Amino acid sequence: MANSLVTEFTSVKDIYSAAASSEQECRYRSLVKTFFQTYGKPPQFIARAPGRVNIIGEHIDYCGFGVLPMGIEKDVIAAVYVADEALPGETILSLANTQPDVYFKREVQFLGLDQGIVEIDAARHEWYNYCSAGFKGVLETLGTKAPRKMLCVVDGTVPGGGGLSSSSALVCCISIATMHAQGGKLSAEQLALLAVASERYVGVNGGGMDQVCSMMAKKDEALFIEFSPVLSATSVPIPLADPPISFVIANSLVVSDKATTAPFCYNLRVAETRIAASLMAHHLNVYDQVGVTPTLEDVVAAYSKTLEYPEIESSIDRAIFSLEVVIKALRRGLNYHEEGYTLTQVCEALDASEAAVTKSYLTEYPIKTDVFHLYKRAYHVLTEAQRVLQFRHLCDNAGEKLSKNIAQSLGDLMNASQNSCKALYNCSCPELDELVKLCRLNGALGSRLTGAGWGGCTISLVLQPQVNDFIQALQKSYYSKSTDEEFISAVFATHPAQGAGLMKNL
Ligand code: NG1
Ligand code: MG
C-alpha cells in the first residue's frame, strides 16, 4: 500500500458530493463560529474523518480476513487551535462538542510522558474518550515530551451506536488533528493502524476495518481491506451501469452501545473465534506454524500451504477453496458440543488449565459468559470470508454492463451474510430482523445489518430506479411512528465517499 500522507482538502467541494456541498459549507462556517464563541479566537485548521458502511464482511476483520466497506458522507469534523506547550498537570486538550446535550466541554489533563500522557476511564462511556484515545495514541507514537495544547470543537453527523462507525470517525479525526498540531509526519496508513490500536483504550477489542476505511476511503469506490500478511486497501469498483445499483442505509433506531455490551457481545465473539482458531490449529496440525492465540486466518493460511490446488488458477478461487476445506474440517475439529462449550470443556479441549485459558483469552478485555459457541462463530467467520471474496470477484468482473443477474448475486451474498449473522453469530436483534424483512419485501435485492450489529443500521442493495419507492415504503412501514425529520436522518441512499483529511485554508 502506498505510504501517502493524509489528504489535504482545499475546499468543502473536494470532500462532498455537489448536492451536499452548500449545506456542508454552512456547517463548516457554523463550526468556526462556535469555535470563536467557545475560545474567543478563530481555529487554525479543520480535521475531518468519515463514518463507513460495511457492504459485506461482518465480524471477520479481527479474525484476519478481508472486508469490503466504503466511506460515507456523514462524518466528524474538528476545528482546532494549537496553543503553547503544556506542562504535566495542565490541560493539554480541550474538547467542546457542538451538541450541548451530548456534553459540552471536557478538559483532558496532561500526565506527562512517564505516566502515559493522558488517562482514559474505559468504565465511563463518554464520547470524549474516543477523542482522548486518538490524541493519546499519536502523542505516544511520536514520543513528544512537551506536546502543544489543542483547543477543539467537534461536530459529528454519524449517528452514535448505529453501526456506521461514529466511534472510529472520532478517533481518526482527532488522530489527524493531533498529528498535524504536533508537527508529526505520519502517513495515512500509519495513522489508520495507530487509530486501530488507540480505539482499544476505550475497552473494546476491535478490528481494523473502521479506522482503515475512514482514513483510506475513496470517492466512488469501495475498499477491499486485508490485514494479512500486511495491511492493504484495494479499490473495488461498484458496478455502476445498466441497471445502476444503489446502497440504502436504514437505521433500526436501536442504539447499540458496543462499549457497554462488549463483555457479553463483541469482546466475547473475539475470544470465541480465537479459541476456535487454536482448536482448529491443533486439529489441522498447524499449531507449530501459527504460534500462540492465532486468528482463524492464521490457521487457514498455514493449512493452505499444505494443500494442492489442482487446476485452480485464480488466487481468489484458491482462497475460497482453502476456506472450504477448513469449513469441512470444522465439525470434527469443534464437534465437542454444538450447543457450546463451558469453560471447563474449553480447558479440556485445549488441554490447558483454567488459569492458562483465562490468561490467554479472557483477561485482556472484559468478558462475561457461561458458554462459548465455538462452532457457530467459526462457521460464520469462514463462510463470511468466502462471501466477501465472491462479492469482490463479482464486482471486479462485472465490467461496464452490470446485468440484473449479477446484481441479484450480490444481493444474495448480502442476504446470506445477514442470515449467518443472525443464526450463527447472534449479532442481529428483533428490530434489525424486522427491518431487513421489510427491505427485502419492498424491493431490496439484498439487505443485511452493517457494523457490529445488536442494533444500528441495515444496508440494502436496491436498483436505482426503485430507490424512491423503496424509501417511501419503509417510511410507511418501519418508520410509521417517526417524525419526518427522524425518518430523513434514519434512511438515505449512499454512495462511496471521500476518506479523512485536513483543511488548512479556512
Ligand atoms: P462498529 O461497532 O460498527 O463500529 C465493529 C468494529 C469493526 C468490526 C465490526 C463488525 C471497532 C472500532 N469496530 O464496528 O472492526 O469488527 O464491528 O464487523 O471495533
Ligand atoms: Mg464503532
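When the dipole is taken about the Cα centre of the chain, and only Lys, Arg (+1) and Asp, Glu (-1) are charged at their Cβ, what size is it in debye, to the nearest 20?
Details: 42 positive and 54 negative charges, 136 e Å.
That gives the chain a dipole magnitude of about 660 debye.
Quick one: 148, 387, 29, fewest Cβ neighbours within 10 Å first, how do they rank?
Working: 148 15, 387 22, 29 12.
Lowest count first: 29, 148, 387.
I need the per residue convex hull volume for region 80-142, using only the alpha carbons, in cubic angstrom as a whole number. Provide the component values of the computation, followed by the final result.
Details: hull volume 5.9 nm³, N = 63.
Roughly 93 Å³ of hull volume per residue.
Against the globular-protein guess of 2.2 N^0.38 Å, express the Cα radius of gyration of region 351-490 as a ratio, rounded to two decimals. Please list the in-between numbers first.
On the way: Rg = 18.9 Å, N = 140, 2.2 N^0.38 = 14.4 Å.
Dividing the Cα Rg of region 351-490 by 2.2 N^0.38 Å gives 1.31.
In the P(r) worked out for region 398-469, what percent of Cα pairs fall beyond 16 Å?
Numbers: 1196 of 2556 pairs.
Tail of P(r) above 16 Å: 47 percent of Cα pairs.
With a 10 Å radius around each residue's Cβ, average the other Cβ atoms per peptide and rank 170-180, 205-215, highest first.
Values: 170-180: 30.9, 205-215: 27.7.
Highest to lowest by the protection proxy: 170-180, 205-215.
Taking 0.36 nm per intervening residue step and subtracting the Cα-Cα distance, what contour gain separates residue 329 from residue 404 on full extension? Please report the intermediate quantities before stating the final value.
Details: separation 75, 0.36 × 75 = 27.00 nm, distance 3.53 nm.
That works out to 23.5 nm of additional length.
Sort largest first and round to whole Å: the equivalent ellipsoid semi-axes of region 191-273, each the square root of five times a Cα gyration tensor eigenvalue. Walk me through the numbers on the way to the answer.
Numbers: eigenvalues 151, 74, 27 Å².
Largest first, region 191-273 gives 27, 19, 12 Å.
Calculate how large, on average over all directions, the projected area of the Cα convex hull of region 265-411 is; give the answer in nm² to one decimal.
Values: hull surface 41.8 nm².
So the Cα hull casts an average projection of 10.4 nm².
So, R0 is 25 Å and r is the distance between the beta-carbons of residue 486 and residue 20; what FRET efficiency does that work out to, to 0.05?
Values: r = 20 Å, r/R0 = 0.79.
For residue 486 and residue 20, the calculated efficiency is 0.80.
Please report, in whole Å, how far the alpha carbons of region 169-220 spread along each principal axis, starting with the longest.
That gives 31, 29, 16 Å along the principal axes, largest extent first.
Would you kindly work out the equivalent ellipsoid of region 419-503 from its C-alpha gyration tensor and give its semi-axes, the square roots of five times the eigenvalues, largest first in whole Å?
On the way: eigenvalues 83, 73, 40 Å².
Equivalent ellipsoid of region 419-503: 20, 19, 14 Å, largest first.
Enter the Cα centre distance for the pair region 132-187 and region 17-62, rounded to the nearest angstrom.
13
Under the 0.36 nm per residue contour assumption, what length would be gained going from the current alpha-carbon distance of residue 441 and residue 426 to full extension? Let's see the in-between values first.
Numbers: separation 15, 0.36 × 15 = 5.40 nm, distance 2.25 nm.
Between residue 441 and residue 426, full extension yields 3.1 nm more.
From the helices alone, meaning DSSP H stretches of at least four residues, give me the mean residue ellipticity at 222 nm for the chain, per-run term -39500 (n - 2.57), in deg cm²/dmol to the nearest 500.
On the way: 17 runs with 214 residues, N = 506.
Roughly -13500 deg cm²/dmol at 222 nm, from the helical runs in the chain.
What percent of all Cα-Cα pairs in region 334-389 falls in each 10 Å bin, counting up from 0?
22, 45, 27, 6
Quick test of the membrane-span-like rule: which DSSP H helices of the chain reach at least 15 Å along their long axis (C-alpha atoms) with mean Kyte hydropathy at least 1.0? Mind showing how you got there, number by number?
Values: long enough: 18-39 (32 Å, -0.54); 127-142 (24 Å, 0.14); 166-181 (22 Å, 1.39); 188-199 (16 Å, 0.96); 266-283 (26 Å, 0.01); 315-333 (27 Å, 0.50); 374-398 (36 Å, -0.41); 404-423 (28 Å, -0.49); 430-441 (16 Å, 0.12).
Correct list, ordered by number: 166-181.
Per residue, how much space in cubic angstrom lies within the convex hull of the C-alpha atoms of region 286-337?
Details: hull volume 4.5 nm³, N = 52.
Convex hull volume per residue, Cα atoms: 86 Å³.
When the scattering of region 76-213 is computed by the Debye formula from its Cα atoms alone, each counted once and equally, what is log10 I(q)/I(0) at q = 0.09, 0.12, 0.20 Å⁻¹?
Listed by q, the Debye log ratios stand at -0.22, -0.40, -1.23.
I need the Kirkwood Rh of region 1-72: take the reciprocal of the average 1/r across all distinct C-alpha pairs and report it in angstrom.
Working: mean 1/r = 0.0651 Å⁻¹.
With all distinct Cα pairs of region 1-72 included, I get 15.4 Å.
Please grab the % of Cα pairs in region 11-119 that end up more than 21 Å from each other.
For region 11-119, the fraction of Cα-Cα distances above 21 Å is 56 percent.
Apply the Debye scattering formula to the chain, with a single equal point scatterer on each alpha-carbon and no solvent, then give log10 I(q)/I(0) at q = 0.06, 0.10, 0.13 Å⁻¹.
-0.27, -0.78, -1.29
So what's the gap between the Cα centers of region 215-246 and region 412-457, to the nearest angstrom?
Going from one Cα centre to the other spans 21 Å.
To the nearest Å, what is the center-to-center distance of region 267-304 and region 347-380, using C-alpha atoms only?
Cα centres, region 267-304 to region 347-380: 13 Å.
What per residue convex hull volume, in Å³, do the alpha-carbon atoms of region 233-351 yield?
Numbers: hull volume 23.9 nm³, N = 119.
Convex hull volume per residue, Cα atoms: 201 Å³.
Where a number appears in this text, it was derived from the coordinates with a stated rule and is not lab data. Everything numeric here is computed off the predicted structure, so don't read it as measured data. Note: ideal-geometry Cβ built from the backbone for every residue, glycine included; neighbour counts use all protein chains shown.
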